[in-house]
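Student: After the structure tokens below, expect a handful of questions from me.
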Amino acid sequence: MIIWVHGGGFANGSTALSLYDGARLARRGVVVVTLAYRLGPLGFLAHPELTAEAGSSGNWGLQDQVAALTWVRDNIAAFGGDPGRVTVAGQSAGGMSVSILMASPRARGLFHRAIGQSGGFFEPVELAPHYRLAAAERDGVSYAASVGAGSLAQLRALPVETLLGGQSSQVSHPVIEPDLLPAPPHDVFAAGRQARVPLLVGYNAEEARSLTDVGDITAANFKAQLAARWGALPPPLIEAYPFATDAEAKAARLAFERDLRFGWDMWAWARLQAPRQPTWLYLFDRSPPFPAASPHYDWKAGHFVELWYMFGQVHEEPWATPTDRTLSDAMLGYWSNFARTGNPNGGGLPAWPAFTGGIDDVLRLGDDIRPGALPDRQGLERFDAVYGQLRGG
């Protein structure tokens, strides 16, 4: 069975999205459960008074996920599911959630396989200190002030509409705190303390196309635009992406954001798990033939696009070609095989080699299905080197 954790940046999203309809996976013999969890300040607010009251704070939405996994363990047999073969899967913030659940002692033993799509939490906290509890509590106090609350009691007295109207982006992320996530996931995985379960992970070749407008990016403003979006970044990271011309700068921005937010994390996740459990890594690079009137027209293999295929929704779309339907059927097969056996191979599908640590150990899911390599090797390796230095390694 598969428990699906939706994405949405920990600030939005819903289990009701039609794209998450698990009917076609269910036809492959997989029970699909989509779980809801608290989002934004309701799900991730850290605050000194909350910490004093509960011993920790900040990961309420992740606690919901653990509660859902516990409910499935205790009840899913009544719905035809096997509590001994639970796969936790998610995309974007849902993928980040899966990496956290693998690192969390609170979730240990509640699932037996893991799938992460375009989202993992492995970046150095030295580069993102807001994930630490003390910083998150300060942001929580600032957030409370933005909605006119000077205390926890005043926050609790606010109507939810007011509560959600503050500067919620600063309190919509996981927190490294003593209860659910006592250490950064990278440290947990590096020490071998994560869940020892088979892993299937990957990302999309052009993630940033559906997230970032590069129309105003030029060679002259490339660095300034990056700084405005991401703050101060180590210069060696930026230098790995050539931007001498305006066309290069636009392409560099898309490649940089893909690798910063998705590519390196998924590659790191696979490398950290592969020595301990069977691991498979994919790169989705199919550009769907979305019609010109579609809001997704120029997304190509962008963030979110693989969901049409792994949930089988292309079979409901008039734009889908035989190539799209063939790819979708293959992904449905790989995902359902993995949920049943812990291995995506079988059923006459093209062989998917297990990941052994290299940058070329990848199955490319696109116009055809074949082993290949990750894009922008230079950028990924630069991230690896810089992140290692930040960690003191």
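Student: Going by what's in this entry, would Pro242 be described as closer than 30 Å to Leu133 by Cβ and either open to solvent by 10 Å² or more (accessible area, probe 1.4 Å) or touching a Gly at 6+ places or on another chain (Cβ under 9 Å) (or both)?
Tutor: Against the criterion (closer than 30 Å to Leu133 by Cβ and either open to solvent by 10 Å² or more (accessible area, probe 1.4 Å) or touching a Gly at 6+ places or on another chain (Cβ under 9 Å) (or both)), Pro242 does not qualify.
Student: Continuing with the same structure: Please enumerate the residues belonging to the stretch 334-371 that are modelled with pLDDT of 90 or more and small (Gly, Ala, Ser).
Tutor: Of everything in the stretch 334-371, those that are modelled with pLDDT of 90 or more and small (Gly, Ala, Ser) turn out to be Ser336, Ala339, Gly342, Gly346, Gly347, Gly348, Ala351, Ala354, Gly366.
Student: Okay, next question. Residues in the stretch 84-109 that are surrounded by fewer than 21 Cβ atoms within 10 Å (Cβ to Cβ) and more than 15 Å from Asn59 (Cβ to Cβ): how many?
Tutor: Residues flagged as surrounded by fewer than 21 Cβ atoms within 10 Å (Cβ to Cβ) and more than 15 Å from Asn59 (Cβ to Cβ) within the stretch 84-109 amount to 4.
Student: All but one of (1) under 20 Å from Ile359 (Cβ atoms); (2) of a type in the set (A, V, I, L, M); (3) surrounded by fewer than 22 Cβ atoms within 10 Å (Cβ to Cβ) hold for Leu272, so report the exception by its number.
Tutor: Single failed check for Leu272: (3).
Student: Could you tell me whether Gly166 is of a type outside the set (Val, Ile, Thr) and either without any contact (Cβ under 8 Å) to a residue 24 or more places away in the chain or open to solvent by less than 10 Å² (accessible area, probe 1.4 Å) (or both)?
Tutor: no
Student: Every residue in the stretch 344-393 that is in a strand (DSSP E or B), more than 17 Å from Phe262 (Cα to Cα) and charged (D, E, K, R), please.
Tutor: Within the stretch 344-393, Arg370 is the sole residue that qualifies.
Student: Another question, if that's okay. Looking at the structure I just gave you, is Thr70 among the β-branched types (Val, Ile, Thr), within 27 Å of Gly263 (Cβ to Cβ), outside any loop (DSSP other than H, G, I, E, B) and open to solvent by 10 Å² or more (accessible area, probe 1.4 Å)?
Tutor: Taking the combined requirement at face value, the residue does not satisfy it.
Conditions (1) modelled with pLDDT under 95; (2) aromatic (Phe, Trp, Tyr), marked per residue:
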{"site": "Trp4", "(1), (2)": "no, yes"}
{"site": "Gly7", "(1), (2)": "no, no"}
{"site": "Ala16", "(1), (2)": "yes, no"}
{"site": "Leu25", "(1), (2)": "no, no"}
{"site": "Val33", "(1), (2)": "no, no"}
{"site": "Leu39", "(1), (2)": "no, no"}
{"site": "Ala46", "(1), (2)": "no, no"}
{"site": "Trp71", "(1), (2)": "no, yes"}
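The values are calculated or read from the model by the stated rules, or taken from the named source; none is laboratory data. The structure displayed is predicted, hence computed values, not measured ones. Note that we place each Cβ from the backbone using ideal geometry, even for glycine, and neighbour counts take in every protein chain shown. Please note that ligands, DNA and RNA were not included when accessible areas were found on the heavy atoms of the full protein model with its side chains. Shrake-Rupley method; radii C 1.70, N 1.55, O 1.52, S 1.80 Å.
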